[in-house]
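Participant: This is the structure I have questions about; it appears just below.
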Amino acid sequence: NNKIVLRNILSKYCPQSFFSKKKKGFNVPIDKWLRGSLKSWASDILNSKEFVNSEFFNVPEINQIWIEHQKGSNNWHRILWSILTFQTWLIEHEK
């Protein structure tokens, strides 16, 4: 029932089967990105003076989590992503 105008327009150009399928979610490979293309970005944040002096985090414990994630012995991407995004937000809003 959502987006009825858009559906009506698209029904002229797309097969009807497009509109009868259920919505599907998808996973973002953050765990792999933190070991690959985002590793340097994340490492810079975790080694920044703002993070090291943080009053919000147990830095030695998070450093251990980071090491375990990089080794692949544990998949800590959810907690690491939360920490990284919070720290990024914090830095931007303290300026």
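Participant: State whether the residues of region 19-35 include one that is over 29 Å from Trp89 (Cβ atoms) and in contact with a Lys or Arg (Cβ under 9 Å, 6 or more places away or on another chain).
Facilitator: Scanning region 19-35 turns up at least one residue that is over 29 Å from Trp89 (Cβ atoms) and in contact with a Lys or Arg (Cβ under 9 Å, 6 or more places away or on another chain).
Participant: Looking at (1) part of a helix (DSSP H, G or I); (2) modelled with pLDDT of 95 or more, which is the only condition Leu90 fails?
Facilitator: (2)
Participant: Cβ-Cβ distance below 9 Å, separation of 6 or more or different chains: which pairs start in region 1-21 with a residue that is surrounded by 10 or more Cβ atoms within 10 Å (Cβ to Cβ) and end on one that is of a type in the set (Gly, Ala, Ser)?
Facilitator: Phe18/Ser11; Phe19/Ser11
Participant: Show the residue pairs that are 6+ apart or on different chains and have beta-carbon atoms under 9 Å apart, the first residue being within region 63-82 and more than 17 Å from Ser37 (Cα to Cα), the second being of a type in the set (D, E, K, R).
Facilitator: Asn74/Glu68
Participant: Which of (1) assigned to a helix (DSSP H, G or I); (2) at pLDDT 95 or above; (3) farther than 26 Å from Glu94 by Cα does Ser82 not meet, given it meets every other one?
Facilitator: Looking at each condition in turn, Ser82 falls short on (3).
Participant: Filter region 83-93 down to residues that are of a type outside the set (S, T, N, Q) and in contact (Cβ under 8 Å) with a residue 40 or more places away in the chain, then give me how many there are. Can you show your working first?
Facilitator: Initial filter on region 83-93 (of a type outside the set (S, T, N, Q)): 83-84, 86, 89-93.
Filter once more, keeping what is in contact (Cβ under 8 Å) with a residue 40 or more places away in the chain: 84, 90-91.
Residues that pass the stated criteria total 3.
Participant: Could you list all residues from region 22-60 that are in a loop (DSSP other than H, G, I, E, B), open to solvent by 90 Å² or more (accessible area, probe 1.4 Å) and either in contact (Cβ under 8 Å) with a residue 60 or more places away in the chain or not aromatic (Phe, Trp, Tyr) (or both)? Show your work before the answer.
Facilitator: If we filter region 22-60 for residues that are in a loop (DSSP other than H, G, I, E, B), which is where we start, we get 22-29, 36-38, 47-48, 53-58.
Next, from what is left, pick out any that are open to solvent by 90 Å² or more (accessible area, probe 1.4 Å): 22-24, 26-27, 37, 47, 53, 55-56.
Scanning region 22-60 gives Lys22, Lys23, Lys24, Asn27, Ser37, Asn47, Asn53, Glu55.
The values are calculated or read from the model by the stated rules, or taken from the named source; none is laboratory data. Every value quoted in this text rests on a predicted model; they were computed, and no experiment measured them. Don't worry about glycine lacking a Cβ; one is built from the backbone with ideal geometry, like all the others, and counts go over all protein chains shown. Note: accessible area is taken over every heavy atom of the protein model, side chains too, but ligands, DNA and RNA are not part of it. Shrake-Rupley method; radii C 1.70, N 1.55, O 1.52, S 1.80 Å.
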